[in-house]
Every structure is written in C-alpha cells, then in structure tokens.
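Undergrad: One structure is given below, represented as structure tokens, and several questions about it will come after.
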Amino acid sequence: MRGIMFFVSLLCCLLMVTVSAAEVRNVDLLVSSCAACHGTNGHSVGGTPKLAGLSELHFIEQMKEFTSGERPSTVMFHHASGYTSDEIVLMAEFFSKQNN
C-alpha cells in the first residue's frame, strides 16, 4: 500500500512540474506577440504603453476593458479578444515581474 501511495504522490509531483513548464513556454509565446508594439518583455521604447512592471490587476482590468469595448482601441480589441482569461492572467503575472 505504501508503494502505491508513494507512486501516486510521485506521479502527481511530476504532473505539476510538467504543467508548470508548459505554462512557462506558453507565457513566453504569448508575451512575444506583444513585443512588436510594446517592446521586448514589455519595455516599450516608442509611443505605446510600457507593460513591464504593471500590476497584475491593472493589466487584467485593461485587457477586460479592451475586450468589452469599454476602452476603445484600433488594435487591442482584436488582440485582447484572442486570449483566454487564464492566458491574460499568465501574461499579467509575467509583465508584473519585469523591471520597469
């Protein structure tokens, strides 16, 4: 019985590591699509807003406002609408951890 419980625990740990690694790869891909306008890792050098260092809540709220049409934009409505809420949370966490 102990052997089975150990095996199940080990399997659960391995699954959590796999999911975490998949999220890291996924968030890297997600934020790379922002780089064209907002700079690498959100460090904008042009006229677009800087995403690096934004609070997670602020980023999430802005994305919600884009998708709802509450915050008008020529491009961001289409970009924001293409993400799931889980993807937006991953991106918010990523950008909040970047040095501004």
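Bear in mind that the values in this text are calculations on the coordinates, not laboratory data. Worth saying up front: this structure is predicted, and the values here are computed from it rather than measured. Using ideal geometry, Cβ is built from the backbone for each residue, glycine included, and neighbour counts are taken over all protein chains shown.
Undergrad: How would you rank 75, 89, going from fewest to most other Cβ atoms within 10 Å of each one's own Cβ?
TA: 75, 89
Undergrad: Here's another thing I want to ask about it. So what is the relative contact order for the range 22-96, in percent, with contacts set as C-alpha pairs under 8 Å and at least six apart?
TA: Reported as a whole number, the value is 32 percent.
Undergrad: When the C-alpha atoms of the range 22-96 are aligned to their principal axes, what extent does each axis show, in angstrom, from largest down?
TA: Over the range 22-96, Cα extents along the principal axes are 31, 28, 20 Å.
Undergrad: Let me ask you something else. Can you tell me how much longer the chain between residue 35 and residue 89 gets when fully stretched, taken as 0.36 nm per residue apart minus their C-alpha distance, in nm with one decimal?
TA: Going from the current span to full extension adds 17.7 nm.
Undergrad: Hey, could you grab the Kirkwood Rh for the range 38-82? Inverse mean 1/r over distinct alpha carbon pairs, Å, one decimal.
TA: After inverting the mean inverse Cα-Cα distance, the result is 11.0 Å.
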